[in-house]
Structure formats: C-alpha cells, structure tokens
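Asker: My questions all concern the structure below.
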Amino acid sequence: MDNSKTLNLNVRKDFPILSKKILEKKDLIYFDTAASAQKPNTVIDETNDFYKNHYSNVSRGVHTLSVESTFRYEDARKKVQKFLNARSENEIIFTKSATEGINLVAQSFYEKFMQKGDEVILSLIEHHSNLIPWFFLRDKYGVVLKFANIQSSGEIDIDHFNSLFTNKTKIVSLTHLSNVFGTELNEKAISICKDKNVPILLDGCQSAAHLKIDVQKLGCDFFVFSGHKTYGPAGIGVLYGTENLLSEMPPYQGGGGMIGDVSLEGASYAELPAKYEAGTPPLVEAHGLGIAIDYMNKIGLDNIIEHENEITKYAFNKLDEIDFIEIHGGDNKRNSIISFNIKNVHSHEVSSFLDVEGIAIRAGHHCCQPLMKHLGVNSTARLSFGVYNSLEEVDKFVIALHKCKEFFNK
Amino acid sequence: MNDLINDLYQEIILDHGREPRNFGECEPHNKSADGHNPLCGDSLKLTFLLNDQNIIEDIKFTGEGCAISLASASLMTEKLKGKKIEVAEEIFKDFTNLVSGSDEDLKVLNEEDSLYALKGVGGFPMRVKCATMAWHAFNQALKD
Ligand SMILES: Cc1ncc(COP(=O)(O)O)c(C=O)c1O
C-alpha cells in the first residue's frame, strides 16, 4: 500500500458499530455506505438525549418540552438549509425519505402544472425511487415518460438527452450521482433544462454526503436526499424546492400541522414549509440529521471528499489490474462507488463469501433493474465508501476477492 | 476456509450451480410458473408434466441466478421427477423447514438426501430466498 499521501481521517472510533466483530472474530469492513451509512456517536447520543430530556410533539403546544422539541426540529431545518445552501428555510421540507420527496414532487407538480400527454424526462440509470413515482403519473394520468440513454462511461448521453425535449416537456428528474457507477451528472444536463425553462429535480441520495452541494450554484429546482445515507437516522429525508414552485404546487398530504384554518366547509393551508409536512414529523430523526450534518462539517466536507476520492481511485486501480474482474462504467472520475462482477461468479456468491470475511458489500440490482438490463447483467457487486473507510481495508478486500475467485473456480 | 462458507457451498451445490440438471423447457407440459426474487432480480421458469395418476413425469427449468438458486432448482427437479404430487408437497414443506434452519420435524427428507446439501443456507438468512425460489414456483404452479 502506498501510504505517502493517505489522508487518514482517523474517525473509525467515532462509529461504535465498526468495532463489532463479524462472526465473532472478523473486523468489520463496511463497504455499503451507498445503501446506508453508519452513524457516529454524536448522532446516536443526541437522539437518545432528545428522547430522554426534550421529547414532545412539535409546533403543537406551548409547554416547555414542546418548545424544546420544536427548537430542535427547526434548528435541524436551518442546518439543512446551510448544508444545501438554500436561500431560505421555507425551501427545506422534511419528508420521511428521498423516495417520499420524489413522490411528493411527482404528485403535486403534476396536479398544478401538467395534463395528459405532457412529458417527463428521466434516464436509464435512475433508481426505482426515481422511476415508479413517474410511472404512477403515466399509468394514472397518461403522462409520457422519456428516458435518456447512457454512454459506456456510465454518464448520460447529453445529445440524446437534449433531443428528448419537446414543447410538452414539463419536468426532468435525474440522479445527481449514480448509485451504480458513482458518476456525477454532467452539469450540461442542468444548463439544458435552464435554457429550455424546464424544472429539474436532482436525486441527491448518493451525492449529499459525497459531493459539496450548493443548490443555488447547481441551479436545480428540486433536490432530494435521505438522512440515513448521510450518517443520520433512517426515517428522515429532505426535499429542497424553490420557493416559487413550492408555493404554487398544492400540498401533498393532508393532516395536522399543514393547515391555516379549518372549518367543516374547507381549509386553508399553512405557509411553507409546514404546508408539505402533514402530521407529526419524524422530529427526533430530523434532529439526528442535523447532528450528522454537524459531524460532516466538523471533519470538513472537503476532507471527506478528498479522502473518499483517494480510496475510490485506489480501489478502482486495484480492481482494474485484476483480469477476472469486470468493472461497470468507464474509468472516468467516480465518487465513492464502484460496481463490478467477478467473471462467472454471481454477485450473491461474492457477497456471501466476503461477508464471512467481515466485509459488507452490496449485491443485486441496486434498485436499478432497467440499467441492469442495459448492462446485460442481472446483478452486480457494489463497493461504496464512506468517511470511515481506509486504503488498508481495500487491500484486505482485494485479498479476499482473490480467495473468493479461487474458491468458486476450483 | 470458513466453515459457514464450506457448509453453504458444498461440492454438490457448486456442481449443480455450474451445470444445472434438467435445464430447459418441458415439452409437452401442463404446469408452469415463474419464480422471481425481486430483491436481487434472479428469476426462473419452471415447467412440468403431471400425468393422470398425479405423477410428475418430467420437470425442467430455465433461468438466471446465483449458484444457490440454480443448484436448488436443479436438485429440486431431480428430486421431484417421478414423484406423486402428495409426496412432492411433503418434500416442499420439509425443504422450507430445512433451509430456514429447522430440520427436526422433517417427514420425508433425511440426511442422505441431496437436498440436505442446502441446509447451510440457514447460516445466511438473506440467502434463504435464493434456495426457495424454485420451490415457490413449483408450489405456485400447483395452485394455478
Ligand atoms: C440514487 C438513489 N435514489 C434514491 C434512493 C432511495 O432512497 P430512500 O430509500 O432512502 O428513499 C437511493 C437509495 O437506495 C438511491 O441510491
């Protein structure tokens, strides 16, 4: 291993689960952050503390605990606003997940701005979460879906993407960072949308903790991510939307907390962001997400990105040298994710084999079945990195891969 | 090598995974069903011919999958060919118990059986679905 420029963040100790022994003796090597990130102590302790010392419902009562809970919930919103560099807290809607955020946009945007025959542009590399909510519009309302092709590098074919626009194109929804290839969306895709005055939603599930996000600079109209992939709890997600669009679109769900005034004849709706937050929100989880953002800020997102880029490049080069490994996507810049197959060995076998070596990787279709079909495989193995990983772990992984190949081809 | 891995991937499993028996489509057939594991995308198609004495005369499958799912389907077809439906259903029940880690109340399967090789799946709960995919397809085909 070349140690010369290793940026060791030395944060493994911050993550209690990483001291767990797999099958009682193997050190855990967690290479499945893209599925869900592990949680640092601060997130675990602070969510505990919330329940122990501050918990009540939010924005409902006037007693001390309600005030303390509301403060934490709204403080988390401020942290998210800064994290994404949104213009205002009104642009930050808490959801239960990125998935819910996409469903919200699909439903509410359709209701306000679309009709039968209108078109949505997606791409071949989308996660099922960024496909099915739009399939609903196709099935229920006759909306037309178009899919941008991808190049062998794993990037969207920009020319093809550009050619899909018509005067019926109402919205575009694309992944910001592919959960299969780790490739970042070409900025041109966003500028094309700007030029054509078509709103674009970015699925930021994989980018939120692995790229620096500035929604204003990006110029996207919507951005969604999930707390659990950014070192925070599951059950909390974020939808960023421009105040203009969020103001014009109708609410997604009805319930407590999202109303202005209710009589039996009807209701008026609350201002942003409450308008989109019907019912008791995942308040403790929101707080946990805020703490996770604090954690990333403390280490420094630049440091995290540099660290992950170094590991990704190192792992890519190691895998690229091995003749029995097939890497999916090109050798262009990737962020924290590499999908591969061992020739003639199913990814399930790879994953089970590595599991008993203490190495957690993902095997399967990664909720991207249309992409798998395009790649001509029915599943891949996927490595994904987080702040706590190291080059040394990659070395151990590579040794285990050789053992795995030997075992199945004996 | 790790015991769990050796238990999971016994020689017979690797062998049937690499070269599945009864691979193809039964012609003619009067029963068929698709098996699908939505978690990973593996799938298979099972066809068989049930004669008028309720005996499975021939049974075959095609599909894509991991070694466990292919080996399980392959071993299943070997086991079920020539069996009466009632017996096949008993085997199905036993097999489901076996791979979920309980081999105590087995009625028809015993340690001599090739299907026993799949017992190691019990050590990998997430892989149980791989081992049962073909069997669920079989069960489905009987219901249809
Ligand atoms: C690119 C992408 N989009 C969407 C999702 C869905 O995230 P969640 O299940 O947290 O809503 C994921 C997570 O698997 C993802 O990787």
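Asker: Can you find even one residue in segment B:120-131 that is more than 14 Å from chain A (Cβ to nearest Cβ) and buried (at least 18 other Cβ atoms within 10 Å of the Cβ)? Step through it out loud before you land on a result.
Answerer: From segment B:120-131, those more than 14 Å from chain A (Cβ to nearest Cβ) are none; that's our starting set.
No - not one qualifying residue is present in segment B:120-131.
Asker: Shifting gears a bit: Quick check: is even one residue across segment B:98-110 part of a strand (DSSP E or B) and either under 28 Å from A:ILE342 (Cα atoms) or within 14 Å of chain A (Cβ to nearest Cβ) (or both)? Explain how you work it out, then say what you get.
Answerer: First pass over segment B:98-110, keeping only residues part of a strand (DSSP E or B): none.
No: zero hits.
Asker: Do you know which of the residues in segment A:225-244 that are under 18 Å from A:ASN335 (Cβ atoms) and in contact with a strand residue (DSSP E or B) (Cβ under 7 Å, 6 or more places away or on another chain) is surrounded by the fewest Cβ atoms within 10 Å (Cβ to Cβ)?
Answerer: For segment A:225-244, the residue satisfying everything is A:SER226.
Asker: Condition first: free of Cβ contacts under 8 Å to residues at least 40 places away in the same chain and within 14 Å of A:LEU272 (Cα to Cα). Now tell me which residues in segment A:219-252 satisfy that.
Answerer: A:ASN244, A:SER247, listed by residue number.
Asker: Of everything in segment A:399-410, what is surrounded by fewer than 17 Cβ atoms within 10 Å (Cβ to Cβ) and within 16 Å of A:LEU354 (Cα to Cα)? Give them in sequence order.
Answerer: In the first step, residues of segment A:399-410 are kept if they are surrounded by fewer than 17 Cβ atoms within 10 Å (Cβ to Cβ); the result is A:399, A:402-403, A:406, A:409-410.
Those that are surrounded by fewer than 17 Cβ atoms within 10 Å (Cβ to Cβ) and within 16 Å of A:LEU354 (Cα to Cα): A:ILE399, A:HIS402, A:LYS403, A:GLU406, A:ASN409.
Asker: Looking at (1) more than 26 Å from A:SER379 (Cβ to Cβ); (2) touching a residue at least 60 places away in the same chain (Cβ under 8 Å), which is the only condition A:GLY204 fails?
Answerer: Of the numbered conditions (1) more than 26 Å from A:SER379 (Cβ to Cβ); (2) touching a residue at least 60 places away in the same chain (Cβ under 8 Å), the odd one out for A:GLY204 is (1).
Asker: So is A:LYS217 charged (D, E, K, R), within 25 Å of A:LYS78 (Cβ to Cβ), in contact with a Pro (Cβ under 7 Å, 6 or more places away or on another chain) and more than 13 Å from the ligand (Cβ to nearest atom) or not?
Answerer: Details: charged (D, E, K, R): yes; within 25 Å of A:LYS78 (Cβ to Cβ): yes; in contact with a Pro (Cβ under 7 Å, 6 or more places away or on another chain): no; more than 13 Å from the ligand (Cβ to nearest atom): yes.
Here the answer is no, as A:LYS217 does not meet what is asked.
Asker: If you don't mind, another one. So which residues in segment A:8-58 are exposed (fewer than 15 other Cβ atoms within 10 Å of the Cβ), touching a residue at least 24 places away in the same chain (Cβ under 8 Å) and under 15 Å from A:GLY290 (Cα atoms), if there are any at all?
Answerer: A:ASN41
Asker: Taking segment A:8-48, which residues are closer than 20 Å to A:LEU301 by Cβ, polar (S, T, N, Q) and outside any loop (DSSP other than H, G, I, E, B)?
Answerer: Passing the criteria: A:ASN41, A:THR42.
Asker: Are any of the residues in segment B:100-107 modelled with pLDDT of 90 or more and within 15 Å of the chain's Cα centre (by Cα)?
Answerer: Checked against the condition, which is being modelled with pLDDT of 90 or more and within 15 Å of the chain's Cα centre (by Cα), segment B:100-107 yields no hits at all.
Asker: Please work out if A:SER352 is within 14 Å of chain B (Cβ to nearest Cβ) and either touching a residue at least 60 places away in the same chain (Cβ under 8 Å) or polar (S, T, N, Q) (or both).
Answerer: Values: within 14 Å of chain B (Cβ to nearest Cβ): yes; either touching a residue at least 60 places away in the same chain (Cβ under 8 Å) or polar (S, T, N, Q) (or both): yes.
Criteria met by A:SER352.
Asker: Continuing with the same structure: Within segment B:31-79, which strands (runs of 3 or more DSSP E) (wholly inside it) include 3 or more residues that are within 13 Å of chain A (Cβ to nearest Cβ)?
Answerer: Working: elements: B:31-37, B:42-50, B:56-64.
Because the criterion is at least 3 residues that are within 13 Å of chain A (Cβ to nearest Cβ), the strands (runs of 3 or more DSSP E) in segment B:31-79 that meet it are B:42-50.
Asker: Could I ask something else about it? Any idea how many residues of segment A:359-389 are surrounded by fewer than 20 Cβ atoms within 10 Å (Cβ to Cβ) and closer than 21 Å to A:GLU308 by Cβ?
Answerer: 1
Asker: While we're here: List pairs: first in segment A:86-98 and of a type in the set (D, E, K, R), second within 16 Å of the ligand (Cβ to nearest atom), Cβ under 6 Å, 6+ apart or cross-chain?
Answerer: Note: pairs meeting the criteria are A:GLU91/A:TYR240; A:LYS96/A:GLY235; A:LYS96/A:GLY237.
Asker: Quick check on this structure: which one of B:GLU25, B:GLU11 is acidic (Asp, Glu) and farther than 25 Å from B:TYR116 by Cβ? Working first, answer last.
Answerer: Numbers: B:GLU11 fails: farther than 25 Å from B:TYR116 by Cβ.
It is B:GLU25.
Asker: While we're here: Kindly indicate the residue of segment A:320-341 that is among the aliphatic types (A, V, I, L, M) and surrounded by fewer than 21 Cβ atoms within 10 Å (Cβ to Cβ) and also nearest to the other protein chains (Cβ to nearest Cβ) among those meeting that condition. Break it down into steps so the answer makes sense when it comes.
Answerer: Kept after step one, since they are among the aliphatic types (A, V, I, L, M), are these residues of segment A:320-341: A:322, A:325, A:327, A:337-338.
Those still in the list that are surrounded by fewer than 21 Cβ atoms within 10 Å (Cβ to Cβ) too: A:322, A:325, A:327.
Numbers: A:ILE322: 20, A:ILE325: 18, A:ILE327: 19 Å.
Looking at residues that are among the aliphatic types (A, V, I, L, M) and surrounded by fewer than 21 Cβ atoms within 10 Å (Cβ to Cβ), I get A:ILE325.
Asker: Where in segment A:85-183 are there strands (runs of 3 or more DSSP E), lying wholly inside it, with at least 3 residues that are on the phi < 0 side of the Ramachandran plot, away from chain B (no Cβ under 14 Å) and within 15 Å of the ligand (Cβ to nearest atom)? Before the answer, list the steps.
Answerer: Numbers: elements: A:92-95, A:119-123, A:144-148, A:169-175.
Because the criterion is at least 3 residues that are on the phi < 0 side of the Ramachandran plot, away from chain B (no Cβ under 14 Å) and within 15 Å of the ligand (Cβ to nearest atom), the strands (runs of 3 or more DSSP E) in segment A:85-183 that meet it are A:92-95, A:169-175.
Asker: Next up: Filter segment B:1-30 for residues that are charged (D, E, K, R) and within 13 Å of chain A (Cβ to nearest Cβ); which is farthest from the chain's Cα centre (by Cα)? It would help to see each step written out before you state the result.
Answerer: Our first condition is that a residue be charged (D, E, K, R); within segment B:1-30, this holds for B:3, B:7, B:11, B:15, B:18-19, B:21, B:25, B:27.
If we keep only those that are within 13 Å of chain A (Cβ to nearest Cβ) as well, we get B:3, B:7, B:11, B:15, B:18-19.
Working: B:ASP3: 23, B:ASP7: 17, B:GLU11: 17, B:ASP15: 15, B:ARG18: 15, B:GLU19: 15 Å.
So, considering only residues that are charged (D, E, K, R) and within 13 Å of chain A (Cβ to nearest Cβ), the one farthest from the chain's Cα centre (by Cα) is B:ASP3.
The values are calculated or read from the model by the stated rules, or taken from the named source; none is laboratory data. None of these values were measured; they are calculated from a predicted model. In this analysis, Cβ positions are derived from the backbone assuming ideal geometry, glycine residues included, and neighbour counts consider all displayed protein chains.
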